[in-house]
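A short worksheet on the structure shown next.
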Amino acid sequence: SGVRKTGGLYGLNFLIQSHKKPRFLESRIEHFIKESRDMIKEMNTEEFARHKQALSDKRSEKPKKMFTRTDKMWREIRAHRYNFNRDEIEVTALSEITQQDLLDFFDTYVGASAPQRRKLSTHVISVVPNEDSEEEVANDVKDSVDCGHEVSNIHQYKTRLGLHPLVQPFVDLT
């Protein structure tokens, strides 16, 4: 679980392994997201500043191993971004973020009713025989589909998706 970056886009990732029903797990994730917003809103200014400083310190920390440093540079090259000063730029931007900025971002992109929120939820349900009856397994699958919609043909699904803008290089090499 945590923040992930794919194709230049950031997202939240929750990985849960449980015997609980998908609908219940989805509700717990949504509850966690709502509680996170409430926690940010109720945080006093000093506590918010401490969190910002801790994140800034972590991002400013130089890699301790050559592999880590090399991997960081290769990620920039593979993404065709070439922003080798990303940490310094992001730390500077972080210093300017206010608590209200974070709440506005949350309300626009993360919250359950956020207008720009996009959500992909994948449920993998075992059909290996166990103490559950076949009917219970079928109900689990149905419950999972009822949380959203089932994708049975991934190629067809992908052809219907809109595209996001291509991320432009930070440094133009042409």
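Brief remarks follow.
- Top-ranked residue in the range 23-34 [being of a type outside the set (Lys, Arg) and either free of Cβ contacts under 8 Å to residues at least 40 places away in the same chain or surrounded by 14 or more Cβ atoms within 10 Å (Cβ to Cβ) (or both); ranked as nearest to ASP104 (Cα to Cα)]: ILE33
- Restricting attention to the range 1-19, the residues that are in a loop (DSSP other than H, G, I, E, B) and surrounded by 12 or more Cβ atoms within 10 Å (Cβ to Cβ) add up to 3.
- For the range 38-65, the set of residues classified as touching a residue at least 12 places away in the same chain (Cβ under 8 Å) and in a helix (DSSP H, G or I) consists of ILE40, LYS41, THR45, PHE48, LYS52, LEU55, SER56, ARG59, SER60, listed by residue number.
- Hey, GLU76 modelled with pLDDT under 95 and either β-branched (Val, Ile, Thr) or open to solvent by 70 Å² or more (accessible area, probe 1.4 Å) (or both) or not: no
- The range 35-46, subset loosely packed, with under 13 Cβ neighbours inside 10 Å and not polar (S, T, N, Q), residue nearest to the chain's Cα centre (by Cα): GLU35
The values are calculated or read from the model by the stated rules, or taken from the named source; none is laboratory data. As the structure is a prediction and not an experimental result, all values here were calculated from the model. As a convention, Cβ positions derive from the backbone with ideal geometry for all residues, glycine included, and neighbour counts pool all protein chains shown. For the accessible areas, the whole protein counts, side chains as well, though only heavy atoms, and no ligand, DNA or RNA atoms are used. Shrake-Rupley method; radii C 1.70, N 1.55, O 1.52, S 1.80 Å.
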